[in-house]
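Working notes, beginning with the structure itself.
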Amino acid sequence: MAANDNIRKKRVVMMTGATGAMGFETLKELTKHDEFKLRLLVRPSKRNEKLLRPFLNNPDITIVWGDMMNREDVAKALGDADIVLHIGGMVSPKADRFPGKTLEVNTRSAQNIVDAIKNRKSGEEAALVYIGSVAQTSDRREPLHWGRTGDPIMASKYDYYGVSKILAERIVAESGLKKWVSLRQSGILHRGLIFNGSDPISFHVPLNGVLEWSTVEDSARLMAGVCSEKVPESFWKNFYNIGSGKNFRLTNYEFEKLLLKALGCPPPEKVFEPDWFATRNFHGHWYEDSDRLNEIIPFREEIGAEEYFERMRKGMPWWMSLTPLAPAFLIKCGMKQVAKTKDYGTLYWLGSDECEDKIKAYFGSREEQKKIGGWKDFELRHPSDKAVHLSHGYDESKPESELNIEDMREAARFRGGRCLSETMAEGDLDTPLKWECAYGHEFEATPRLVLKGGHWCPECLPAPWRYEEEVKVNPFLAQVWK
């Protein structure tokens, strides 16, 4: 036996998005583990080249300069990879400015990766880890502020990023690959958030809305854990929510307060008015099931939110320490101008005669917005820690191996439609069946996508956002919309 035969072969990891917040932290985390060789598909630019310069001489890192929109570049980057981390894509707030480009980039890149894996001629199929988004499940206000995978898939109105992630997830889950998984990422806590206050999307977020945040370090540890050979087989072909747990289940007001404190700024009451903030139509909920992912792949640091924000504060650039020198009224004037940003700011909509659809979506009506009032009138709430469990329309107590065609018919009826297939092999959630929605659209989808992923008719949802009409015939969706 040759001496080298006892040396364990390193697992080859292909990754997209290595220069983004989550991707770059993942890159740093993976380099701490000597069992991986990395293949990074990176779009060439001066910024990206500078960011990755420290890694150029690492013998375990290959950088493929290319574009994930290009099939040949994707195939080249895939090479002999054992696993693909598809982290890259267009995200908000940039995604809000370029909806068409966002849809194109996020769906085509997913399709290119699936095709590259399926078309590779040698070796076993690479496993595909797709990063989904909490934006896929839309507005979840109290008392429906808890959620889990399998809940209704629906993007908020005008949220083309959420639409793109829904469509891309469907591509991955219906790909027929032997090993795929969709990890739905929440809001990521990282130092770059200190610059997002200058974007009008900050005011699309309801103050009493909630989010279970995920720290960028936890997310990176998760990615490294997913790449391990120790991941159980049962992990694959499934949907999971990424969250850093109970310590990071915050209301949006609590988040703003912590962030402003880290910046050395006055509290929200001094620099904002509550009627600048939307009251609905923004994604976010706490996870009933995020602990499930941590049990399979331990990745959480188990740190408190206040402690984490203090760590963020200490890592900020020196010039951010000058922020406290600005008086509260100047900061408030600056924030008000952000809220007035043309086309995207809430105060711009309210000052325009041409934005009634946006006002209805984010406030209900002009009249309801006027009722918000000032801080003395505004009721801040930390909602219940008790989850309201949504029905998924079938007997979830049954093990997957016992699910049959009657369960599919029951689930379809709860969605206002029918399962057109007459038979299915018991427990087979991965062979597509034929379905019909309440509007007569026929489509094919695997039982896994429908029951475990929460997807339904691709023609009805998510666009063109006919939720008011859809909920009249779809009790599954009506649970959320009402």
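The values are calculated or read from the model by the stated rules, or taken from the named source; none is laboratory data. Since the structure is predicted, the reported quantities are computational estimates derived from the model, not experimental observations. Here the Cβ positions follow ideal geometry from the backbone for every residue, glycine too, while neighbour counts run over all protein chains shown. In case anyone asks, the SASA skips ligands and DNA or RNA and just uses the protein heavy atoms, side chains included. Shrake-Rupley method; radii C 1.70, N 1.55, O 1.52, S 1.80 Å.
Looking at the stretch 69-85, is at least one residue of a type in the set (D, E, K, R) and within 27 Å of residue 199 (Cα to Cα)?
Within the stretch 69-85, not a single residue is of a type in the set (D, E, K, R) and within 27 Å of residue 199 (Cα to Cα).
Inside the stretch 225-241, can you point out the residues that are hydrophobic (A, V, I, L, M, F, W, C) and either open to solvent by 10 Å² or more (accessible area, probe 1.4 Å) or on the phi > 0 side of the Ramachandran plot (or both)?
Result: 231, 236.
Table: residues versus (1) basic (Lys, Arg); (2) modelled with pLDDT of 95 or more; (3) more than 17 Å from residue 176 (Cα to Cα); (4) surrounded by 15 or more Cβ atoms within 10 Å (Cβ to Cβ).
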site	(1), (2), (3), (4)
403	no, yes, yes, yes
408	no, yes, yes, yes
421	no, yes, yes, yes
427	no, yes, no, no
431	no, yes, no, no
435	no, yes, yes, yes
440	no, yes, yes, no
445	no, yes, no, yes
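Rundown of residues vs (1) among the small types (Gly, Ala, Ser); (2) over 22 Å from the mean Cα position of the chain (by Cα), yes/no style:
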position: 404; (1), (2): no, yes
position: 410; (1), (2): no, yes
position: 425; (1), (2): yes, yes
position: 440; (1), (2): yes, yes
position: 452; (1), (2): no, no
position: 467; (1), (2): no, no
position: 477; (1), (2): no, no
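Helices (runs of 4 or more DSSP H) wholly in the stretch 25-97 with at least 1 residues that are in contact with a strand residue (DSSP E or B) (Cβ under 7 Å, 6 or more places away or on another chain) and not basic (Lys, Arg) - which ones?
46-52, 71-78
Restricted to the stretch 141-199, and to residues that are open to solvent by 40 Å² or more (accessible area, probe 1.4 Å) and in contact with a Pro (Cβ under 6 Å, 6 or more places away or on another chain), which residue is farthest from residue 388 (Cα to Cα)?
Looking at the filtered set, the residue picked out is 160.
Can you go through 46, 50, 37 and tell me which one is touching a Lys or Arg at 6+ places or on another chain (Cβ under 9 Å) and open to solvent by 50 Å² or more (accessible area, probe 1.4 Å)?
Sole residue among the options that is touching a Lys or Arg at 6+ places or on another chain (Cβ under 9 Å) and open to solvent by 50 Å² or more (accessible area, probe 1.4 Å): 37.
For the stretch 134-173, give me each residue that is more than 18 Å from residue 362 (Cβ to Cβ), in contact with a Ser or Thr (Cβ under 8 Å, 6 or more places away or on another chain), not in a loop (DSSP other than H, G, I, E, B) and not hydrophobic (A, V, I, L, M, F, W, C).
The answer is 147, 164, 165, 169.
Suppose we keep only residues that are under 18 Å from the mean Cα position of the chain (by Cα) and open to solvent by less than 10 Å² (accessible area, probe 1.4 Å) within the stretch 242-273. Which one would you say is farthest from residue 300 (Cα to Cα)?
If we take residues in the stretch 242-273 being under 18 Å from the mean Cα position of the chain (by Cα) and open to solvent by less than 10 Å² (accessible area, probe 1.4 Å), then 251 is farthest from residue 300 (Cα to Cα).
Just to be sure, is residue 342 touching a residue at least 24 places away in the same chain (Cβ under 8 Å) and among the charged types (D, E, K, R)?
Considered against the rule, which asks whether it is touching a residue at least 24 places away in the same chain (Cβ under 8 Å) and among the charged types (D, E, K, R), residue 342 comes out as no.
Name the residue, out of 360, 336, 342, that is open to solvent by 60 Å² or more (accessible area, probe 1.4 Å) and either of a type in the set (S, T, N, Q) or assigned to a loop (DSSP other than H, G, I, E, B) (or both).
Step by step, each of 360, 336, 342 is checked, and only 342 is open to solvent by 60 Å² or more (accessible area, probe 1.4 Å) and either of a type in the set (S, T, N, Q) or assigned to a loop (DSSP other than H, G, I, E, B) (or both).
Does residue 302 satisfy being at negative phi, part of a loop (DSSP other than H, G, I, E, B), open to solvent by 30 Å² or more (accessible area, probe 1.4 Å) and modelled with pLDDT under 95?
no
Please specify each residue of the stretch 324-382 satisfying the condition of being under 32 Å from the mean Cα position of the chain (by Cα) and aromatic (Phe, Trp, Tyr).
344, 348, 349, 362, 363, 375, 378
When the stretch 115-157 is examined, which residues are found to be of a type in the set (D, E, K, R), over 19 Å from residue 206 (Cβ atoms) and touching a Phe, Trp or Tyr at 6+ places or on another chain (Cβ under 8 Å)?
148, the sole residue that qualifies.
Restricting the stretch 117-133 to residues that are open to solvent by 30 Å² or more (accessible area, probe 1.4 Å) and not in a loop (DSSP other than H, G, I, E, B), which is nearest to residue 475 (Cα to Cα)?
118
Within the stretch 457-466, is there a residue that is charged (D, E, K, R), loosely packed, with under 14 Cβ neighbours inside 10 Å and more than 23 Å from residue 172 (Cβ to Cβ)?
yes
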